[in-house]
Amino acid sequence: MATKVVIAAAALLGTGYLASTHFPGATGPAPGVAPPLSQPPAPTPRPATHVGAQFSMIAPENAPAALRHSGLTPDQQRTILAAVKRREVRLVNMPLADATGLTGKTVVVSSAGIAQTVVLGPAPKSVLLPIRDIGEVLITPGGPPGATHTIADGVQMVALTALGPQLLPTLTSTDQQLVLDVIVQ
């Protein structure tokens, strides 16, 4: 019972404070109550956009050669190859291209703890991804860490999936996220 009384009293005090400091006609904070600190609102990340995609698996015996020709670091290659051999992940190829035919826009593609920076162009660029049977691939626009500005003309990508080319939603801000819900075939 005492807990309920304490909660009710705290709610009444909080309501009174808010009413005296944040509504028109209020004369200011109550005596002995410090005014609220002036802080800029914390940016809230935009909700991620989810899109389904199907990609073909690279056969385990072809994984070493595919990884050697990737842009992954030697440590990333070893980690992925070991997981493929343990059958924890499957390796898939996700070719990405700039849908507008331009060169130079950058995205960061993350899957199973591996992040890759990809410079888009008119020709599809091979991106190797470690995926469990079903997994999520996160794509974010490349840019300075913590930046939340708009991207001129947006980042428009096309992915070559097992079913053919798939136009992905346009990313228009550096705080946007695109999540591909991937099924490996």
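Return one whole number: the accessible area per residue of the stretch 81-185 in Å², for a 1.4 Å probe.
48
Quick one: accessible surface of Asp153, probe radius 1.4 Å, all protein chains present, in square angstrom to the nearest 10.
Surface open to solvent at Asp153 totals about 130 Å².
Considering only DSSP states other than H, G, I, E and B, which trypsin sites (Lys or Arg not before Pro) in the stretch 60-151 qualify as loop sites with at most 15 other Cβ atoms within 10 Å?
Sites meeting the loop and neighbour criteria: Arg86, Arg87, Arg132.
The values are calculated or read from the model by the stated rules, or taken from the named source; none is laboratory data. Worth saying up front: this structure is predicted, and the values here are computed from it rather than measured. Backbone-built Cβ (ideal geometry, glycine too); neighbour counts: all protein chains shown. Heavy atoms of the whole protein, side chains included, go into the accessibility calculation; ligands, DNA and RNA do not. Shrake-Rupley method; radii C 1.70, N 1.55, O 1.52, S 1.80 Å.
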